[in-house]
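In what follows, a single structure is set out as structure tokens and then discussed.
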Amino acid sequence: MIFNTSKLPVFSGLTYTQRMLALEMAKEKLPLPKKAILHSIKFLFIAPIFFLIANEQNWSVLAWIFLLFLLYPLITKPLSIYFVKAYLPECVEQVKQGVN
């Protein structure tokens, strides 16, 4: 799993802002079925934790919120990169050329 976009060879020579722009552009190019699958996986990860939080009536809720705060990006970023990998080279070229 790739947790950092700078580890991808396609992003070599790009700043953090440019990498995030290329990643967002690639997400926009995802076809609807793949986009739906990606968002469904994210929802399936986050929904059970929200149900746990909703059922708690004490301060232990803060621990669940903190856990969600830490784990959500660690799970969703590699998933997003995996789904958009095919569209990254084209988007990186557009970012390098300055086309938004």
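Does residue 17 satisfy the criteria of being exposed (fewer than 11 other Cβ atoms within 10 Å of the Cβ) and either among the hydroxyl-bearing types (Ser, Thr, Tyr) or at pLDDT 85 or above (or both)? Spelling it out, residue 17 is indeed exposed (fewer than 11 other Cβ atoms within 10 Å of the Cβ) and either among the hydroxyl-bearing types (Ser, Thr, Tyr) or at pLDDT 85 or above (or both). Of all residues in the stretch 25-48, those satisfying the criterion of being out of contact with any Ser or Thr (no Cβ under 6 Å at 6 or more places or on another chain) and of a type in the set (Lys, Arg) are 27, 29, 34, 35.
Only one of the numbered conditions (1) free of Cβ contacts under 8 Å to residues at least 60 places away in the same chain; (2) not β-branched (Val, Ile, Thr); (3) not in a helix (DSSP H, G or I) is not met by residue 73, and that is (3). Figure legend. Inter-residue proximity from the stretch 24-47: first residues in contact (Cβ under 8 Å) with a residue 40 or more places away in the chain, second residues surrounded by 13 or more Cβ atoms within 10 Å (Cβ to Cβ) and outside any helix (DSSP H, G or I), beta-carbon distance below 9 Å, spacing 6+ or different chains. Indicated pairs: 38/30.
The values are calculated or read from the model by the stated rules, or taken from the named source; none is laboratory data. Note that the structure is a prediction, hence the values are computed from the model and not measured. In this analysis, Cβ positions are derived from the backbone assuming ideal geometry, glycine residues included, and neighbour counts consider all displayed protein chains.
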